[in-house]
Amino acid sequence: MVDSLPPFPPGFQFGVSTAGYQIEGAVDEDGRGPSIWDTFSHTPGRTRDGDTGDVACDHYHRYAGDVALMAELGVDAYRFSVAWPRIQPDGSGPANAKGLDFYDRLVDALGERGIAALPTLFHWDLPQALEDGGGWLNRETALRFGDYVALVADRLGDRVRRWITLNEPVVHMAQGYAFGGHAPGRTLGLAALPVAHHQLLGHGLAVRALHDAGEVMITNNLTAVIADDPAAGMAYDAFHNRLFTDPVLLGEYPGFLADALGDVVRDGDLDIISTPMGALGVNYYNPTRVGAPAAAGAPLPFEIRPIDGVPTTAFGWPVVPSGLYELLTGLRDTYGDRLPPVYVTENGCSTDDVLDDRFRVDYLDGHLRAVHRAITDGVDVRGYFVWSLLDNFEWAEGYSQRFGLVRVDFETQERTPRSSYRWLRGVLAGRS
Ligand code: IFM
């Protein structure tokens, strides 16, 4: 039994997060084109047990029931992602009306329940046709992204007032293009760096396309760095965090990364990338401990080390709620008044396949207390979103990692709320 949480400021938003390819299924319906994740998950050996997102949680057909689950939970907002290949099956050209219709229905269903929609415009499911042209290694993809965002804003902008441009560009660059664990499965090492710049350019163009459409933010996976060696710590912080946050908030890249990017960055790009945003999204799961590389001549100036002596999630990720406090106060200390209001747009854990998920309750309780402490100490945090509403397709791990407040039986699609769902419902109902 955990003590009740301290009260959050009036207007603080509680929500849940999901992403298109992880829950929607219906990959061949209503004109949707193939994405890099369809290709990747259908390539033997790429995902655990060969799992794919073909059906996932069948949310495309069951969204109304899922919205009812959110309403019963009592959340203020729902973060989902729009699948680019539903809107532009080939990644360019006019909108596929049926693709937009789905998100139209979803946004209306949310509105009827008084739940604010928070769409993410890119959560890794790039249209395959764009990947065939180089994906995010190609500057053109950023321009195409700006066009696509304008199409979505045109259709949903009358009801959606808050948007996320990109989800976790660092993970998409590192896993998708540098190390190959995610789609599109490229293993370019440091040669993947242009992917960071082109995603950021796409972000900036999206912010401009959304200029009349309310509050816009980018969401990265940020980590608190535990440095065994100061130089290694700074290097890791630059690669993982500042490579993405400095350009959007300060209009510049960290020095050595600016050098590495060279003429990938063209005149005027940083002005576009640093177009003022209304907020910053933070996805936090765990801190990262780094030290100097053991081997001389290692390709990266740091090595990642285990964090001992703390609980770990089913994924093996260390549970350190104070890392979220350090991260939030660190952002304030680094960026000062350049830091816009912050939303924690993802936080959560995978657990064993149980219904009585006390581990998740403790995880969420601890992290919400960390957010509260950061607010008390002056960080302007405006919301917190649990990852995730439902068990879902956890990328290369397929269906083996369960992150849901609600259990999903992937054979029958039955949804069963877990203890954490009831706990959160109690927290939300208890708000004054
Ligand atoms: O499932 C992912 C999500 O798509 C992005 N952030 C981290 C989650 C858990 O790994």
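The values are calculated or read from the model by the stated rules, or taken from the named source; none is laboratory data. Treat the numbers as computed from the prediction; the structure is a model and nothing was measured. Because the Cβ atoms are built from the backbone with ideal geometry, glycine has one as well, and the counts that use them run over all protein chains shown.
Considering only residues that are within 13 Å of the ligand (Cβ to nearest atom) and in contact with a helix residue (DSSP H, G or I) (Cβ under 8 Å, 6 or more places away or on another chain), which ones fall in segment 340-357? Once the filter is applied, which keeps residues that are within 13 Å of the ligand (Cβ to nearest atom) and in contact with a helix residue (DSSP H, G or I) (Cβ under 8 Å, 6 or more places away or on another chain), segment 340-357 yields VAL344, ASN347, GLY348, CYS349, THR351.
Filtered by the rule that a residue be closer than 13 Å to SER400 by Cα and of a type outside the set (Val, Ile, Thr), segment 40-52 gives ARG48, ASP49, GLY50, ASP51.
Do we find that VAL264 is surrounded by 15 or more Cβ atoms within 10 Å (Cβ to Cβ), β-branched (Val, Ile, Thr) and more than 30 Å from ASN347 (Cβ to Cβ) in this structure? Yes.
Residues checked against (1) surrounded by 22 or more Cβ atoms within 10 Å (Cβ to Cβ); (2) aliphatic (A, V, I, L, M); (3) under 24 Å from LEU110 (Cβ atoms):
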residue	(1), (2), (3)
GLN128	yes, no, no
VAL149	yes, yes, yes
ALA153	yes, yes, yes
ARG159	no, no, yes
LEU205	yes, yes, no
ASP212	no, no, yes
GLY233	no, no, no
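Among the residues of segment 305-319, those that are in contact (Cβ under 8 Å) with a residue 60 or more places away in the chain and either surrounded by fewer than 17 Cβ atoms within 10 Å (Cβ to Cβ) or within 23 Å of SER419 (Cα to Cα) (or both) comprise ARG305, ALA314, PHE315.
Taken as a whole, the structure leaves ARG373 outside the set of residues that are touching a residue at least 40 places away in the same chain (Cβ under 8 Å), basic (Lys, Arg) and either in contact with a strand residue (DSSP E or B) (Cβ under 8 Å, 6 or more places away or on another chain) or within 16 Å of the ligand (Cβ to nearest atom) (or both).
Counting only helices (runs of 4 or more DSSP H) wholly contained in segment 1-118, the ones carrying 1 or more residues that are within 16 Å of the ligand (Cβ to nearest atom) and not β-branched (Val, Ile, Thr) occupy 20-23, 36-41, 59-73, 84-87.
When VAL386 is tested against the conditions (1) part of a loop (DSSP other than H, G, I, E, B); (2) within 16 Å of the ligand (Cβ to nearest atom), the lone failure is (1). More than 16 Å from the ligand (Cβ to nearest atom) and at pLDDT below 95: is that true of SER432 in this structure? Yes; evaluated as a whole, the condition is true for this residue.
Return yes or no: is PHE14 more than 30 Å from ASP356 (Cβ to Cβ) and either of a type in the set (Ser, Thr, Tyr) or in contact (Cβ under 8 Å) with a residue 60 or more places away in the chain (or both)? It is false that PHE14 is more than 30 Å from ASP356 (Cβ to Cβ) and either of a type in the set (Ser, Thr, Tyr) or in contact (Cβ under 8 Å) with a residue 60 or more places away in the chain (or both). Residues of segment 267-292 that are closer than 28 Å to GLU303 by Cβ, crowded, with 20+ Cβ neighbours inside 10 Å and away from the ligand (no atom under 16 Å from the Cβ): ARG289, VAL290. Only strands (runs of 3 or more DSSP E) whose full extent lies in segment 150-267 are considered here, and the ones with at least 3 residues that are within 19 Å of TRP84 (Cα to Cα) are 162-167, 215-221.
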